[in-house]
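One structure is given here, and the rest of the page talks about it.
Each value in this text was obtained by applying a stated rule to the coordinates, not by laboratory testing. In this text the structure is predicted, and so the values were computed from the model without any measurement. Every residue, glycine as well, gets a Cβ built from its backbone with ideal geometry; the counts of neighbours run over all protein chains shown.
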Amino acid sequence: MTRSKLDLATHLLKLCNDTTTDPQKLADVMTIRKLHYEIEKAEADLDEIDSKIKEAKSKDKKPRPIWSFLTLDSDDDT
C-alpha cells in the first residue's frame with residue numbers, strides 16, 4: 001500500500017520531534033521523493049546517535065581516584 005504525502009510528512013515530523021509544524025503544510029511544500037529522502041536521512045541520524053549512545057554505555061569507566069574528589073578534578077582528564 002502506498003503512503004500518502006501527508007502520512008510521510010507526519011512520519012518525518014515525528015522522527016524530528018517537531019510538534020509545531022503542520023504536516024499538511026509540509027506535504028504541500030515537499031515532493032514525495034524529498035520526503036522519502038529526508039526520512040531516510042533522519043533515520044540514519046537516529047541510528048548513528050543510537051550507536052554512539054551504546055558505545056558510550058559500553059565503555060568501561062575507571063573509578064575516579066580519591067585525590068580527584070579532594071582537588072575537584074573532573075573525570076574528563078583521566
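Things worth noting here:
- Label point at Lys52 placed 7 Å out along Cα→Cβ; residues across the range 27-44 whose backbone nitrogen lies under 15 Å: 42-44
- Greater than 20 Å apart at Cα, pairs in Lys34/Lys54; Lys5/Lys52; Lys5/Lys34; Lys14/Lys57: Lys34/Lys54; Lys5/Lys52; Lys14/Lys57
- C-alpha long axis of helix 5-15 to longest principal axis of the chain, angle in °: 10 degrees
- Placing +1 on each Lys and Arg Cβ and -1 on each Asp and Glu Cβ, with no other charges, gives the chain a dipole about its Cα centre of roughly 220 debye.
- Each of Thr2, Thr10 has some number of other Cβ atoms within 10 Å of its Cβ, and from fewest to most they run Thr2, Thr10.
- Counting other Cβ atoms within 10 Å as a rough exposure proxy, the listed residues Glu48, Glu38 run Glu48, Glu38 from fewest neighbours to most.
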